[in-house]
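The values are calculated or read from the model by the stated rules, or taken from the named source; none is laboratory data. As the structure is a computational prediction, the values presented were derived from the model and not from experiment. With ideal geometry, Cβ positions are generated from the backbone for all residues, glycine too; neighbour counts draw on all protein chains shown.
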Ligand code: SF4
């Protein structure tokens, strides 16, 4: 099956036919392809959720500005460096600094944090996930020492994007940000939710075609999970099977991509992350955030791992990886480049 050659109608049909019960051969083929590129290695990223302030109001997100029930926090640079130190000693060689779109973290403040991490940990990759910023801002962050940037596109269809976001947020702007990041030289991560309100199989096909066009180095795919304090509180969550199918199809579309077995996947099924790896994922992102803020970074309900110390998360994930027949990599886990 060569999905890279398929058009939108063919992809839509393939997704529709496999949405509820994915053909095991599709998942197995995706895994074999991943093995042929990266072997059995699973790369580990240490996630530091450093601010849950956000100026935006995405309808699906638990830390949206309008949610008055969130206890807001910001980590200081010293807090972040402590997380890095704990992470380094646990074997992490990639840090992911993730936050809402928090105006407090200006370019000057972020560049100061990034350059300190770069100076102290020259052998580590620094990934940022800070939302939409100007190209100049991205360039400054890159110059300060950041290597990678995660910015999920969420959906590649305009009408669907405006169903998930208020009207000041535009898909065209998000796509421009992704292109800017690629142009600057970031290993760039796009991604989308599976099963978000209003999503059709055709929209998922459009996501695959967008990825084919963008050629991101990373793609985060997780099921939509409703949060009680959002307008989508009554919506059904995305399914495990459809999410696994989309992970597998993304692997088949982008053979060299780094694909996380997401925490959201693990939150809807106890073995969700292991199943994600078996469907072609090859990255895990255990949490390095301080324990006292974990519960406050609540993008969706019933998120796992909010009560575990960094070392526990690290060991738990290692057990899960090894018991599923994979190997935990201690390297940076860079994208290997397209052939
Ligand atoms: S999804 Fe991101 S940008 Fe949107 S409200 Fe949540 S943290 Fe803010």
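Being within 23 Å of residue 118 (Cα to Cα) and either part of a loop (DSSP other than H, G, I, E, B) or in contact with a strand residue (DSSP E or B) (Cβ under 8 Å, 6 or more places away or on another chain) (or both) is the requirement here; does residue 189 meet it?
Against the criterion (within 23 Å of residue 118 (Cα to Cα) and either part of a loop (DSSP other than H, G, I, E, B) or in contact with a strand residue (DSSP E or B) (Cβ under 8 Å, 6 or more places away or on another chain) (or both)), residue 189 qualifies.
Hey, among the residues in the range 295-317 that are assigned to a helix (DSSP H, G or I) and touching a residue at least 60 places away in the same chain (Cβ under 8 Å), which one's surrounded by the fewest Cβ atoms within 10 Å (Cβ to Cβ)?
Step by step, filter the range 295-317, then rank; the result is 311.
Just the residues that are in contact with a helix residue (DSSP H, G or I) (Cβ under 8 Å, 6 or more places away or on another chain) and exposed (fewer than 15 other Cβ atoms within 10 Å of the Cβ), please, taken from the range 71-84.
Residue satisfying the conditions is 77 alone.
Quick one: in the range 72-105, which of the residues that are in contact (Cβ under 8 Å) with a residue 60 or more places away in the chain and in a strand (DSSP E or B) is nearest to the ligand (Cβ to nearest atom)?
Checking each candidate, the answer is 96.
State all residues of the range 155-174 that are touching a strand residue (DSSP E or B) at 6+ places or on another chain (Cβ under 9 Å) and without any contact (Cβ under 8 Å) to a residue 60 or more places away in the chain; if no residue qualifies, say none.
155, 156, 160, 161, 171, 174 - these are the residues of the range 155-174 that are touching a strand residue (DSSP E or B) at 6+ places or on another chain (Cβ under 9 Å) and without any contact (Cβ under 8 Å) to a residue 60 or more places away in the chain.
Let's see how each residue does on (1) in contact with a helix residue (DSSP H, G or I) (Cβ under 8 Å, 6 or more places away or on another chain); (2) outside any strand (DSSP E or B); (3) at pLDDT 95 or above; (4) loosely packed, with under 13 Cβ neighbours inside 10 Å:
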{"residue": "11", "(1), (2), (3), (4)": "yes, yes, yes, no"}
{"residue": "29", "(1), (2), (3), (4)": "yes, yes, yes, no"}
{"residue": "33", "(1), (2), (3), (4)": "yes, yes, yes, no"}
{"residue": "37", "(1), (2), (3), (4)": "no, yes, yes, no"}
{"residue": "42", "(1), (2), (3), (4)": "yes, no, yes, no"}
{"residue": "50", "(1), (2), (3), (4)": "yes, no, yes, no"}
{"residue": "64", "(1), (2), (3), (4)": "no, yes, yes, no"}
{"residue": "69", "(1), (2), (3), (4)": "no, yes, yes, yes"}
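What residue, among those in the range 274-293 that are away from the ligand (no atom under 16 Å from the Cβ) and part of a helix (DSSP H, G or I), is surrounded by the most Cβ atoms within 10 Å (Cβ to Cβ)?
276
Residues in the range 27-50: is at least one within 30 Å of residue 11 (Cα to Cα) and within 16 Å of the ligand (Cβ to nearest atom)?
Kept after step one, since they are within 30 Å of residue 11 (Cα to Cα), are these residues of the range 27-50: 27-43.
Right, trim to within 16 Å of the ligand (Cβ to nearest atom) and you get none.
No, that holds for no residue.
Just to verify a result, which residue in the range 167-178, among those that are surrounded by 13 or more Cβ atoms within 10 Å (Cβ to Cβ) and not in a helix (DSSP H, G or I), is farthest from the ligand (Cβ to nearest atom)? Working first, answer last.
Of the residues in the range 167-178, the ones surrounded by 13 or more Cβ atoms within 10 Å (Cβ to Cβ) are 169-171, 174-178.
Retained after the next criterion (residues that are not in a helix (DSSP H, G or I)): 169-170.
Values: 169: 8, 170: 13 Å.
Among residues in the range 167-178 that are surrounded by 13 or more Cβ atoms within 10 Å (Cβ to Cβ) and not in a helix (DSSP H, G or I), the one farthest from the ligand (Cβ to nearest atom) is 170.
Of all residues in the range 318-339, which are surrounded by fewer than 18 Cβ atoms within 10 Å (Cβ to Cβ) and more than 20 Å from residue 124 (Cα to Cα)?
Hits for the range 318-339 are 319, 322, 323, 324, 325, 338, 339.
Report every pair of residues separated by at least 6 positions or lying on different chains whose Cβ atoms are under 6 Å apart, first residue within the range 57-68 and closer than 13 Å to residue 225 by Cβ, second near the ligand (Cβ under 7 Å from one of its atoms) and in a loop (DSSP other than H, G, I, E, B).
Hits for this filter: 61/299; 62/299.
Are any of the residues in the range 231-246 free of Cβ contacts under 8 Å to residues at least 24 places away in the same chain, surrounded by fewer than 19 Cβ atoms within 10 Å (Cβ to Cβ) and part of a loop (DSSP other than H, G, I, E, B)?
Yes - at least one qualifying residue is present in the range 231-246.
In the set 56, 67, which member is more than 19 Å from the chain's Cα centre (by Cα), within 15 Å of the ligand (Cβ to nearest atom) and farther than 30 Å from residue 328 by Cβ?
67
When residues of the range 129-148 are filtered for being within 14 Å of the ligand (Cβ to nearest atom) and in contact with a helix residue (DSSP H, G or I) (Cβ under 6 Å, 6 or more places away or on another chain), how many remain?
Result for the range 129-148: 1.
Answer yes or no as to whether residue 122 is over 26 Å from residue 243 (Cβ atoms), within 12 Å of the ligand (Cβ to nearest atom) and either in a loop (DSSP other than H, G, I, E, B) or in contact with a helix residue (DSSP H, G or I) (Cβ under 8 Å, 6 or more places away or on another chain) (or both).
So residue 122 fails the test.
Against the condition within 14 Å of the ligand (Cβ to nearest atom) and over 14 Å from residue 126 (Cα atoms), how does residue 62 come out, does it pass?
So residue 62 passes the test.
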